[in-house]
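Novice: The structure follows.
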Amino acid sequence: MKIIKHISIILLLLTTSIASAQVKFEAKVSKQKLGINERLRIDFEMNKDGDNFNPPNFSNFTVVGGPNQSVSNSWINGVRTYKKTYSYFLAPKKRGNFTIRQATISIGGETYKTLPLNIQVTAAVDKPKDPNDANFIASENIHLVAEVSKTNPYLNEAITVVYKLYVSPSIAVDNWNEMDSPRYNDFWSQNINTQGQKVQNGTYNGKDYRFLILRKAVLYPQKTGKLNIEPLTLDISLRVPSNRRDIFGSLLMTRVNKTVSAGNKTIHVKPLPDAGKPVDFAGAVGDFKLDVLASKRVLDASESFQIKVAVKGNGNLKLFKLPKISLPSSLEVYEPEHKEQIKTNLSGMRGSISDSYTVVPQYKGKYPIPSISFSYFDLKTETYKRLSSDEIIIDVLNGPSNTTSGASNGNLTNNTKQRVVLNNDQFAFIKTKTDFVSTKSTYFFKTNLFWSLLLFPFLLIPLAIIVRKKKASRDSDVYGNRIRKADRLAKKYLSNAKKSLGKKEAFYIALEKALHNYLKARLHIETNDLSKDKINSSLKEKQVDEGVIKDFIAIVENCELARYTPIDIVTMQDDYEKAAKTISLIDKQAR
């Protein structure tokens, strides 16, 4: 009996030691069915510490938080319990049934994997208004608002859109980044610099809030009808108060990631009225003045002067052309020099545009510069107005007389008679020397040209052999061909960006579009799937070096940030060369 008892104790100890030595590595989710507007938490738990943790590819989700790492040690009845957890917070990209694949980790030299998890994403659900729920508290205390100055403007009338982020004093914002920026299709747009903006106090829906102006833009609609202003979407990391307190009685804060959007705005653009529209109306809308000035009114022939046609005021100054001047044919006119002195603020464009013509009179006389007219649509009175300049008389005192046309120099008649001067070389047209040409018949046969054409094809044979060998050698150079193909591809996608060098906003928009189009063509990634994690995982699957992937993602981030920060031409050139080099490297390395 004693022997049996001892054997039982030994077996119990072995079973306990084996059970305690068993490694557990599993994945747990907060829910397996959720709405598209909800968040999913997934925890990867292990009971022993490991190395080389590799999460699955969350291809159908956006990682809005994590990985957060936590470790706990506890001793119960002399038995140590260890748990290490990697946590992620995911936002679904679309509806459907998805599988979160296996995660892997190395523990004690062995590789362990979690089981795949099936997740169902449904349509948006009404979230319970739980006052203790951190996401509900965040949604009730942070708002992104787009304020539009006018929702029913005329065609080419300036409107402004201001994006404000309202935050309740009870929560704290750690950082934010733009997930999607408005493109302002069908509008001429210009962003107003908002750097240096300070947090202000205000009210939203009757409650006290702090707010920050994130972006300002001036828009001029270029089409009539319903136009859509795309929303601005932000991903914000913030802290909200919980129902827990620390040992000193202060509320503990919970960290939350929240996606907020300003929402779409619809603008109803009215066409300009047809009643009373002048024939020469060129699309000017606003309040303007017309000036026509001559730098000189009295001068000598062959002496130049300038005529300046200028329109100044408030309106769409960059979106219409100035009227042309009409001058007598005896005045030599050069192409005008166009100048713009315009400032754009929340009231729209203000300043002046001008065309300066250089004019050189050839003959003496008096030359009238006809009146110039300019019409525009006045927004205050909602009527068309016409501005006209005074006639200008240019008096040319000294110079030759214009005998071909009496009216061209300002005189109705010209009775001046000129003496006919005889030319001593009046018979110079008679040819006194001749060039004789042989009339002997010539034949093409046996000429130098005949023999050259006959031997030319034989001379081409060695050349063709050399060219063919070089072509075969080049075709067999797989690596070299890949390099040349990659360089051509980079130049193809970056051609529009290169044309916009020096124009910051246009350059970075073209550069970002080129990078996205390249990924579409090379990796078959759609624009709505272009997240940093998606780019990173897709390029890794193509066996692209991590350094090249980091450079590519850094360029994409530069495109997003550079539109709102001062950039010089040298930085643009560096970004362009870096993008070309990175695209070329990806195309060489991708399998």
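Novice: Any chance you could run the full-extension gain for K550 through R95? It's 0.36 nm times the residue separation minus the Cα-Cα distance, nm to one decimal.
Specialist: So the extension gain works out to 160.8 nm.
Novice: Quick one: order M179, M572 by neighbouring beta-carbon count within 10 Å, fewest to most.
Specialist: M179, M572
Novice: Rounding to the nearest 20 debye, state how big the charge dipole of the stretch 286-405 is about its Cα centre with +1 on each Lys and Arg Cβ and -1 on each Asp and Glu Cβ.
Specialist: 360 debye
Novice: Place +1 on the Cβ of every Lys and Arg and -1 on the Cβ of every Asp and Glu in the stretch 134-269, take the dipole about the Cα centre, and give the residue among V260, S149, G206 whose Cα lies farthest towards its positive end.
Specialist: Going by the Cα projections, it comes out as G206.
Values quoted throughout were computed directly from the atomic coordinates according to the rules given, and no laboratory measurement underlies them. Quantities reported herein were computed from a predicted structural model and do not represent experimental measurements. All Cβ positions, even for glycine, are placed from backbone atoms using ideal geometry, and neighbour counts span all protein chains on display.
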